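Below is one structure, written out as structure tokens; comments come after it.
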Amino acid sequence: MRPRSSQLLLLAAFFVPGFALAETHELTLEQDVRPILKEHCFHCHGEGDKLKGGVDLRLRRFMEIPTKDGDHVMVPGKPEESEMVKLVKEGEMPEKGKKLTAAEIATLEQWIAQGAKTARPGVETARKERRSVAVNKGGVPATPLRWEFPIDSDRQTSASSG
Ligand code: HEC
């Protein structure tokens, strides 16, 4: 059993295009890319009062919205057609502030080349999760509740905090 699965991994690393030998895992937005965008892009493209150029980079589906000029911010599988890669490589973005390192640019490109995966497909986490309100419906909750301290229930995901 064991030898076989490691052989498979080796084969995958060898044959899947875009697989660099050093980076054999699949990159995800949450784990690999969002920290880079958060550091370099979010203050103009997501977290400020205004979205610069109308571009929001917080969620994958926002990145797929074309710009007003019809450019594609991000095309899954095609870093060379993705405006966000082009602009970063040309040094035009971030417009101000610290430029990305070569390694950060490579991560961005590789993530898009791999199809721009998110950690939990279909469920994106940048918005505050709504807590289900089982109490306050004027009755006994149907399922036993685990009571939490207020500080616990105010907790946010790190992606949604400022
Ligand atoms: C200091 C603010 C600022 C930062 C930081 C910033 N941008 Fe921008 N970005 C802008 C502005 C302003 C525009 C609109 C430019 C225009 O329309 O000419 C823009 C436009 C864009 C566009 C759309 C270009 C088009 O074709 O209309 C993309 C894509 C983009 N930025 C990506 C990024 C990425 C990726 C980062 C982080 C690596 C980033 N930006 C960081 C200010 C910023």
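Read-outs throughout are calculated quantities, based only on the coordinates presented, and are distinct from any laboratory measurement. Only a predicted model underlies this, so the values are computations on that prediction, with no experimental measurement involved. Every residue, glycine among them, receives a Cβ derived from its backbone with ideal geometry; neighbour counts consider all protein chains shown.
Laid out as a table, the results:
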item	result
Lysine pairs with alpha-carbon atoms under 18 Å apart, the stretch 13-113, spacing 8 or more or separate chains	21
Highest to lowest packing among 81-93, 41-53, scored as the average C-beta count within 10 Å	81-93, 41-53
Residues Arg34, Arg61 arranged by fewest to most Cβ contacts within 10 Å	Arg61, Arg34
